[in-house]
Every structure is written in structure tokens, then in C-alpha cells.
Amino acid sequence: MSLPLIALALTLTAEPPLELRMDNFIDNLRQDFAVRSGMAVVMVKGDKVIYRGNFGYADIAAQKAVTDDTRFYIASITKPLFALAWLQAKGPQSLNSTLAEQFPAIPFAPAIEADKVTIKELLTHSAGLSGDLLENAVAITGLHDQPRRHQMLSLLTVNPQAPRGQFQYTNLGYDILGEALSPDWQQVLTDQVLRPLGMTHTSASVPAEAALPYSFFSAQRYQPLYLKKTQQTLHPAGGVFATSGDMAKLLAAELNQGRIDGRQALPAGIIALSQTPAVSLEAKRGDFARTAYALGWYVGQYKGHRTYHHFGSFDGFRPHLSFMPGAGLGLVILDNESELNDKLTDLIADYGYGLMLGEGHLDARLGQRQQALKAMVFGYRQKLLAKEEAYRQRPYQFSQDPRRYTGRYHHPLAGDIVVTGSLAKGFHLSWGPLHSAVTAYGERDSIRVKLRPTHPQVVRFEVADGKVNALLLGGMRFEALALNE
């Protein structure tokens, strides 16, 4: 065979370039699941971006396509950023400081042993504390100010399910430490991490334009969810909007001991400390094993490599950030749909890392995974929609005249919940900026709401001697303040 023919044969049999294979895989995946919401994917090798792909819409109705400049809410991926900001601002020695030392004016309950709980434990989900009031206020309702947040700190309790020293994932430790970076944790994060890394399109404030949130399991899956982040619900455990390119800068710094663009952006010692496993655990999220938690990072094996990762989850968003220091590889996946993408990100990570690591038979293997997932999720979606309709058709099990449950309920720190409506027109519940139609629940004096569109909750009424005395939601008791009779 002549040399030109040999070259032609090699060209015809060679694998397509990584960029084309990744584009084709994601395009096919999205088409197979009829995905219109957006996604931005970046792959990093060493200190270089080797793949960048933007797909779908940040705003479906307006057909606003995802671009390099699209900002996505990154939810709990805020945690590794905040941990770096803390180390930069307070220094590594602060990890041994205690809760009591950070908040000398707060009268903590003696049972939590504030003089023993360390900053390191708060950053590694091993402080053994519980504080639903603070977590709900700063992340969900936005009904808070500094005096109320400090009151909530004084009401922290011992977590009976996970004593101090044992890992249990929570936002609480980060939200507590946000108060210690007073008066403005957002500015500290900007000054200590975002600006040094050149993450100019990332902010701990709500941008003028950002990707809208969607849900695959919503009856109107192409309509945005009503619940959107506000400045009052951005918090240290989940309070950042970012572009995929900026997230790639963070990965480059993590992979190169703080160096980025040829300069030492963050101290190598700070990066190494943030990646040092601090508490052991045994868990798995999707394909990613979790055997330890460092300062803002899960640690475990993935595809035979030690891998650091953190994902995020909030209504309408399911971001992914991971990196393999030994192989010098990293992956960013930002998106604006939370439920289907909980599974799709695993497939994209499998394929993306498979390409970067040179694995064979990727297309056949991932094709099988894709079809199995498709068979499962569409059927599951129909079941969920049918279940929602069944709740709407259920009769209420009120022990009193339904009108007696409507009105205002009050909690001194969590604010007011208002129940309105009637049997004929339907009931509605609101709590600050949150609101939901009410459906029946299969227990006496109980109802079901979806204040967070993807998280149904049961609300129970406390009734005694023919009188509605309180409303119970998420472990909080709201006293009946002004009810209709």
C-alpha cells in the first residue's frame, strides 16, 4: 500500500478528537432525555482547559443560550471556596480555635460544649451540632438579621444522631462560621479567594442575569421553578454564582499547589491543608466513593484514582466539581436542572474522565448506562406525577371546621406562616417569600406542602379541646396568632 493510502486508512480508523467525542456524547444524551435546560462543561488537564462545551438554555422561554459568561448557582460547591477564604483570612492556626473563642458574647447551651467544638470540626461536618433555625433562615426563608442569627446560635443543640467527632453532612458549620467573618463573609471570600484566582465572573451576590432553575419531575418541566435565590438566602454553605470558566480556575489552582496563569495565586501550604483528609466516613454519591472529608472536599477513589470532589444540590441546580491530583485532571459541570442532572452528571463524568484517562469501549458502555437510565427515569417521572395528582384528590382529615385552620401562625425567630383558602377554592400556605398550594395528607390534622418545589413537607396542626393551637413544620412550632373562626 502506498504511503498516501496508509495515511488515509489511519485517518479513517483513528478515534475522533476528544472535543468532538465529548460534544457528541453530551448532545446525544440531552436529546435522548429531551433536555432543554442549560449545561456548561469544562475539562482541565494540568493548568490548561482542554475542553469547553455549552449546551441548552439558561432561560428556555426566552431561548437564551448558555455561553461562557452564563452564571449558575453552585450551591454547596461554595464550601471549598469558603474553607479557603477562612484559611486565608484567619490562618491555619485558627482551626484549633473553639466556637466559644470565636463567639465570646454568645451564651451557648452548656450541653454543646462550645469551649471544645473546634473550627476544624465545623468545617468538616463533625461538630456534633444541630441548628435548623439558622439553616432554614439563611438558606431558605431569608427571614433573618444579625440579632436574630445570634439568638439562633444561642439555641444550638447537640445532634443526637452524630456526636462530636463523627461526620454528618450539614450546612450548619459553614453558616456558623459565616457569622465569625463579620461583618461581611462575602467580601472576605472575594478578597481572599475570588480576586487572587482571577475569578472575575464569580460572586457571592445575586447577579443581574443568571441561569433560571428547572425540574425534570415538574409537571411543566420547561417552565422555571418559582423559588429563586435572593441576597438574603445566599449563605456561606451555598451562596455563590459562577461561570464554568471560573470554576476551572479553581481546579487549576487545586491541581497546581495554588499556581495559576504562571503565578502563585494562593499559598501552596493553604491548598495542601485544605486537601488534607480530616474526618473519616464511608459513603458513596453516584459513582464517587467517599472515604474522608477534608476542608470543603470529599476524598475517595474514582476510576482507580484518588479524587477530590464536591457536588451541589438546590431546587433547579446540580453542579459538579472534581479533580484527580495524581493524574492532573479536573472536571466542571454546571447546570440549571437539579433532579435528572443528579444522574446525568455521573454519566458525563464517567465519559469525560474516561476520555482523559484513555479508557476503551466508552461509547458502548456509556450507551448501555444511558439506555438503562432512560428506562428508569421516564417511568419514575410518570409515577411521581400520578402521585401528585393522587394527593390533590385526597380528602382532608381535619378534626375541626376547615376554616379554623386558616390564619396566621407565629414563631419568634422563624417568622410567620399564613394559611388561607377554603375547601371549595383550595388552601394555600406562605412563609415569608415561600408559598405553596396545599394538598391533603393521610393523617389526621395534617397537610402537605411544597414550599421548595422539589421537596414536599408535611405540616401538622396541634389541636386540643376543639381549638387549633399551633402549626408544626420541620421541628419548629408556630403558635396560632390570629385564626379564623
Practice item. Within region 385-447, list the trypsin sites (Lys or Arg not before Pro) lying in a DSSP loop whose Cβ has at most 16 other Cβ atoms in a 10 Å radius. Key: K425, R444
Check your understanding: Given 5 Å bins starting at zero, what is the percent of C-alpha pairs of region 151-196 in each, up to the one with the largest pair distance?
Key -> 5, 17, 21, 21, 14, 12, 9, 2, 0
Check your understanding: Is there a pair in K383/K450; K79/K374; K45/K229 whose C-alpha atoms are over 21 Å apart, and which pairs would that be?
Key -> K79/K374; K45/K229
**Study point:** Global size of region 381-485 as Cα Rg and Dmax, reported in angstrom
**Key:** 13.3, 42
Review point. So for region 86-188, what percent of the C-alpha to C-alpha distances run longer than 24 Å?
Key: 15
Point to revise | Computed [θ] at 222 nm, helices only, for the chain once each DSSP H run of length n ≥ 4 contributes -39500 (n - 2.57) | key: -9000 deg cm²/dmol
**Study point:** Cα long-axis angle, helix 78-90 against the chain (0 to 90 degrees, to the nearest 10)
**Key:** 90
Point to revise | Kirkwood-based Rg to Rh ratio, region 265-345, C-alpha trace | key: 0.99
Review point. For region 383-428 and region 175-191, what is the separation of their C-alpha centers, rounded to whole Å?
Key: 38
Review point. If you roll a 1.4 Å probe over the heavy atoms of the protein chains, what accessible area per residue do you get for region 264-350, in Å²?
Key: 28
Check your understanding: Expressed as a whole percent, how much of the Cα-Cα distance distribution for region 188-253 exceeds 16 Å?
Key -> 55
Review point. Using the Karplus equation 6.51 cos²θ - 1.76 cosθ + 1.60 (θ = phi - 60°), what ³J(HN,Hα) coupling, rounded to whole Hz, does each residue of region 400-405 give in order, writing x for Gly and Pro?
Key: 10, 3, x, 5, 6, 8
Review point. Given charges of +1 on the Cβ of Lys and Arg and -1 on the Cβ of Asp and Glu, with all other atoms neutral, how large is the dipole of region 240-358 about its Cα centre, in debye to the nearest 20?
Key: 460
Review point. Taking the mean number of other Cβ atoms within 10 Å as a proxy for protection, how do you rank 45-55, 68-78, 85-95 from highest to lowest?
Key: 68-78, 85-95, 45-55
Exercise for review: Just the number, please: carbon plus sulfur as a percent of the accessible area of the chain, 1.4 Å probe, no ligands or DNA/RNA counted.
Suggested key: 51
**Study point:** Sequence-separation-based contact order of region 266-382, relative, with Cα cut under 8 Å and 6+ spacing, percent
**Key:** 13
Exercise for review: Could you work out the Kirkwood radius for region 173-318, taking every pair of different alpha carbons, averaging 1/r and inverting it, reported in Å?
Suggested key: 17.2
**Study point:** Protein-only accessible surface order, largest first, of M376, M152 at 1.4 Å
**Key:** M376, M152
Study note, to complete from the structure: Between L483 and residues 5 or more places away or on another chain, the pairs with built amide H atoms under 5 Å apart involve R408
**Study point:** Shape box of region 330-371 [Cα atoms, principal axes, largest first, Å]
**Key:** 30, 26, 8
Review point. So, by mean Cβ neighbours within 10 angstrom, what's the order for 276-282, 355-361 with the highest one leading?
Key: 276-282, 355-361
Review point. Per 20 Å bin from zero, what fraction in whole % of the C-alpha pairs of the chain is there, up to the bin with the longest pair?
Key: 22, 52, 23, 3, 0
Check your understanding: Q257 versus Q187, label points 7 Å from Cα toward the beta carbon: distance in nm?
Key -> 3.4
Check your understanding: Among residues other than G128 whose Cβ falls under 10 Å from its Cβ, what is the net charge (Lys/Arg +1, Asp/Glu -1)?
Key -> 0
Practice item. Considering Cα pairs under 8 angstrom that are at least six residues apart, work out the relative contact order of the chain and quote it in whole percent. Key: 15
Check your understanding: Using Cα atoms only, what is the angle between the long axis of helix 18-32 and the major principal axis of the chain, expressed in degrees (0 to 90) to the nearest 10?
Key -> 40
Practice item. Taking only protein heavy atoms into account and a 1.4 Å probe, give the accessible area per residue of region 84-182 in Å². Key: 41
Exercise for review: Compute the signed sum of charges (Lys and Arg +1, Asp and Glu -1) over the other residues within less than 12 Å, Cβ to Cβ, of E101.
Suggested key: +1
Practice item. Using only Cα atoms, tell me the angle between helix 3-13 and the longest principal axis of the chain; keep it within 0 to 90° and round to the nearest 10. Key: 10
Review point. What is the Cα radius of gyration of region 298-363 over 2.2 N^0.38 Å, N being its residue count?
Key: 1.12
Study note, to complete from the structure: In the neighbourhood of R408 defined by beta carbon distances under 11 Å, the net charge of the other residues (Lys, Arg +1; Asp, Glu -1) is -2
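The values are calculated or read from the model by the stated rules, or taken from the named source; none is laboratory data. For clarity, every value in this text was computed on a predicted model and none was experimentally measured. Quick reminder, even Gly has a Cβ in these numbers, built from the backbone with ideal geometry, and neighbours come from all protein chains shown. Heads up: the accessible areas ignore ligands, DNA and RNA and are worked out on the full protein's heavy atoms, side chains in. Shrake-Rupley method; radii C 1.70, N 1.55, O 1.52, S 1.80 Å.
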